[in-house]
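The values are calculated or read from the model by the stated rules, or taken from the named source; none is laboratory data. Every value quoted in this text rests on a predicted model; they were computed, and no experiment measured them. Glycine gets a Cβ as well: all are built from the backbone with ideal geometry, and neighbour counts include every protein chain shown. SASA here: full protein model, heavy atoms, side chains in, ligands and nucleic acids out. Shrake-Rupley method; radii C 1.70, N 1.55, O 1.52, S 1.80 Å.
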Amino acid sequence: KVDEMYSADETSAYLNEQPIHVNNEDILHGVYNISAHKDIVDWKKLTAKNMHVRCVWSSSIYHCWVASGKISAAFHDVRSNIWDIMPGEFLIKQAGGIIFDVDNIRILANSQSWADLLK
C-alpha cells in the first residue's frame, strides 16, 4: 500500500496535499527511467554515462516520480497516447520540471542537461 495521491493546479504540484518539486540531481548521478530504449539509437552510450537507470513501464508512475523528485528524468516515445501523458506532463511542469523532445524521444526532466546524454 503506497498511500500517495498526486495532484496539480495552476500554482503547484502536490503529493498528499504537500507541495512537491523536481530534484536538482545532476545528469551523472540522477536516477532516470527508460521506457523507450528501443527508440534510443545510442541507449548503450546513455547508460555508459549514467548507470542509475530504472525501467518502469507505467507512464503514470514515472511522471509522478519525476515531479516529486524520486527520479530525475524519464525517457519515452513521443508517439505515446496523449491521454496517457498529458496529465503527468502537467504535473511535472507544475513541479518545476521541463519536457522536451530529442530524436523522437520525449524527455521529462529536472533540467535541460538530460538532452546532452543523447548527443
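Values computed for the structure shown
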| item | result |
| --- | --- |
| Residue among 3, 9 that is open to solvent by less than 60 Å² (accessible area, probe 1.4 Å), over 24 Å from residue 113 (Cβ atoms) and at pLDDT 75 or above | 9 |
| Residues located in segment 12-32, provided they are surrounded by 10 or more Cβ atoms within 10 Å (Cβ to Cβ) and part of a strand (DSSP E or B) | 13, 14, 15, 19, 20, 32 |
| Single condition residue 37 does not satisfy, out of (1) crowded, with 17+ Cβ neighbours inside 10 Å; (2) modelled with pLDDT under 90 | (1) |
| Residue in segment 44-58 that is under 24 Å from residue 24 (Cβ atoms), among the small types (Gly, Ala, Ser) and at pLDDT 80 or above present | no |
| Hits in segment 62-111 (condition: surrounded by fewer than 20 Cβ atoms within 10 Å (Cβ to Cβ), out of contact with any His (no Cβ under 9 Å at 6 or more places or on another chain) and of a type in the set (Gly, Ala, Ser)) | 80, 111 |
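Listed here are the residues, each with its yes/no results for (1) free of Cβ contacts under 8 Å to residues at least 40 places away in the same chain; (2) within 24 Å of residue 10 (Cβ to Cβ).
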site	(1), (2)
68	no, yes
71	no, no
76	no, no
81	yes, no
100	yes, yes
113	no, no
